[in-house]
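The values are calculated or read from the model by the stated rules, or taken from the named source; none is laboratory data. In this text, all values refer to a predicted model and were calculated from it rather than measured experimentally. Please note: Cβ atoms are built from the backbone with ideal geometry, for glycine as well, and neighbour counts cover all protein chains shown.
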Amino acid sequence: MLAATIVAPVGVTKADQSSPPFAAVARLVQQTSLPFLCVEASRGVCFDRQGSELPPFLPERILSQLLGLSEPATIDDVDGLIAYAVPLPSHGGRFIAYGYQLAAGAPLPAELRHAAKEAGWSDARLQAWATDQPRCTAEPLAALLRFAASDIAGDAAVAESQILELSEQLDRTYEEISLLHSLSHNLQISTSPAELVALCLDRLPGLIDAESHLVQLRPPGESSRIWSNGDLPFSIADANQLLIRLDAQESSRPIVRNFIAGSPLAAKYPRLRNFVAVPVREGRHRFGWIISTNLSGGREFGTIEASFLNTIATILGTHVRNIDLLHEQNDLLVGFVRSFVSTLDAKDPYTRGHSERVALIARRIGEQMRLPDEYIEAIYLSGLLHDVGKIGVDDQILRKNGPLTDEEFAQVKKHPVIGYNILSSLKNLRHVLPGVRNHHESFDGTGYPDGLAGDDIPLLARVLAVADAYDAMSSDRPYRKGMPSEKIDEVFRRGRNRQWDGEVLDGYFDCRDDILMICAAYSFENRRAFGDGI
Ligand SMILES: [Fe+2]
């Protein structure tokens, strides 16, 4: 008697039908014209393919022989069944296509009748199946199975290589997206193009398997720079000549050259086999090139490499253009502020140029203190505007040649707050406000308008305070000559950490000679511009 492990047909969806291992089973059915069930051998579970023309019947004795099966096999069963099975390479070999026939003249086993009934087969259907099925011997059956199995294995190998290729493609796509994400993440205006180029050159070798990558950038108003990694097939001087050739091309599309040997380029660049070059550009503006040379493994560059480099080049180009636009905007703003302030200063011939000199001196001190570039720009602009509030102070008081009365001095002391109020509604100048408002604070807290002390005084204002005092002391006035440099130094030493921040004064002393030159050059330019004897 056969002990049977029968599993009734399980719910099989259409999606399951189209996916392995059912696809492989269906192919076996097509090639052999034999009915097959699908068995997950390790669990003894027998899945019925939808439409299978076989009662789902799997005796345990046969199941035990299916376990560990590594190639197609037929199994002659003592109870009149001839089972046949083909291990399926898909799904890690867990599944086996399995079927059976009645041996010639053998009666239907009782367990098979029972299994068919459990599976919903009517007696008539079962009888028809038993009558209609082909009766063949094990030997030709085994040959048929081997032939069909080799075809299935071939399909599996193809599928496996397709999966591998897809997986590599996904890996590459992930890396590409990751690099593009890093680039976009670093597109703040404070990130220099050089930093973005370094990021690209760090990651490009993992994405394009070329022997070298080169980036050339020439932002407007700056000289050209070249970065590279890997084994460049030419010197930087030769690279420059190649870039000049590329620049001569009017097209803004990627340039792919796969067969350099035998072309005119070969004589000049004998180690160059192939390259892809894309312009770094934004709109009509071209800012340089990205080039990958000599794709590894003797392969040719194609649209994948070209389009990826093109995306990177577009990001770089946009960034360079944005920085350029920002510089243009800053230049415009500074130009406007300079002309506005010089008009104000010109009202008083004795303080003419004061604001611009304070701006220049403060900027030089800021550089000496190694403050960040953007802060130094703010210092310069704040220097230009620090006394703009004097527009609200009576001219008579400002031009008075003698000592001021208390009331007049109270009027003058209002100019930092007046300037602050004038500028505070201008969004583009908000960063210079601390210098305008607090440049008359004293380090010991005795200054005005807010009576701030020490580090509570914004650094911008502490730098301006030194520059402002220097220009006031060194400039001639109607009632006195400007102080000599030694005298100014003495005043500053006495006021160290009392009126002025000692660290800012250290910066001043370290670049005092430059400050003297700045003031001398300014005075020369100014006198020439106003026709004062030159
Ligand atoms: Fe002032």
Exercise for the section: State the number of residues belonging to region 387-412 that are crowded, with 16+ Cβ neighbours inside 10 Å and touching a Pro at 6+ places or on another chain (Cβ under 8 Å). Expected result: 1
Problem - Residue check for GLY402: in contact (Cβ under 8 Å) with a residue 60 or more places away in the chain, under 30 Å from ARG496 (Cβ atoms) and either under 50 Å from the mean Cα position of the chain (by Cα) or away from the ligand (no atom under 11 Å from the Cβ) (or both) - result: no
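Could you count how many residues in region 371-390 are part of a helix (DSSP H, G or I) and closer than 16 Å to GLU356 by Cα? I'd like the intermediate steps shown before the answer.
Filtering region 371-390 down to residues part of a helix (DSSP H, G or I) leaves 373-385, 388-390.
Add one more test, that the residue is closer than 16 Å to GLU356 by Cα, and what stays is 376-385, 388-390.
Number satisfying all stated conditions: 13.
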Completion exercise
Every listed condition ((1) surrounded by 14 or more Cβ atoms within 10 Å (Cβ to Cβ); (2) of a type outside the set (Asp, Glu); (3) modelled with pLDDT of 90 or more) holds for ILE312 save (3)
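Against the condition over 30 Å from SER192 (Cβ atoms) and either assigned by TED's automatic domain parsing to the domain that holds GLN411 or more than 15 Å from the ligand (Cβ to nearest atom) (or both), how does HIS386 come out, does it pass? Walk me through it before giving the result.
On the way: over 30 Å from SER192 (Cβ atoms): no; either assigned by TED's automatic domain parsing to the domain that holds GLN411 or more than 15 Å from the ligand (Cβ to nearest atom) (or both): yes.
It is false that HIS386 is over 30 Å from SER192 (Cβ atoms) and either assigned by TED's automatic domain parsing to the domain that holds GLN411 or more than 15 Å from the ligand (Cβ to nearest atom) (or both).
What residue, among those in region 405-441 that are small (Gly, Ala, Ser) and more than 20 Å from SER355 (Cα to Cα), is farthest from the ligand (Cβ to nearest atom)?
Step by step, filter region 405-441, then rank; the result is SER425.
Which one of these is assigned to a helix (DSSP H, G or I), surrounded by fewer than 19 Cβ atoms within 10 Å (Cβ to Cβ) and more than 16 Å from the ligand (Cβ to nearest atom): ASP514, ASP444? Spell out the reasoning first.
Details: ASP444 fails: assigned to a helix (DSSP H, G or I).
Among ASP514, ASP444, only ASP514 is assigned to a helix (DSSP H, G or I), surrounded by fewer than 19 Cβ atoms within 10 Å (Cβ to Cβ) and more than 16 Å from the ligand (Cβ to nearest atom).
Restrict the check to region 453-475 and report whether at least one residue is farther than 19 Å from ALA359 by Cα and surrounded by 15 or more Cβ atoms within 10 Å (Cβ to Cβ).
no
Answer yes or no: is there a residue in region 261-279 that is β-branched (Val, Ile, Thr) and touching a helix residue (DSSP H, G or I) at 6+ places or on another chain (Cβ under 7 Å). Quick ask: steps written out before the conclusion?
Filtering region 261-279 down to residues β-branched (Val, Ile, Thr) leaves 276, 278.
Filter again for touching a helix residue (DSSP H, G or I) at 6+ places or on another chain (Cβ under 7 Å), leaving 276, 278.
Yes, the conditions are met somewhere in region 261-279.
Quick grid of which residues meet (1) farther than 28 Å from HIS213 by Cβ; (2) not small (Gly, Ala, Ser):
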residue	(1), (2)
ARG281	no, yes
HIS285	no, yes
ASN294	no, yes
GLU305	no, yes
VAL320	no, yes
SER342	yes, no
GLN368	yes, yes
Practice task
State the number of residues belonging to region 341-370 that are within 15 Å of the ligand (Cβ to nearest atom), part of a loop (DSSP other than H, G, I, E, B) and among the aliphatic types (A, V, I, L, M).
Solution key: 0
Practice task
Residue by residue through region 447-461, note down the ones that are assigned to a helix (DSSP H, G or I) and within 14 Å of the ligand (Cβ to nearest atom).
Solution key: LEU460, ALA461
Practice task
Answer yes or no: is there a residue in region 352-360 that is of a type in the set (Asp, Glu) and within 26 Å of ILE518 (Cα to Cα).
Solution key: yes
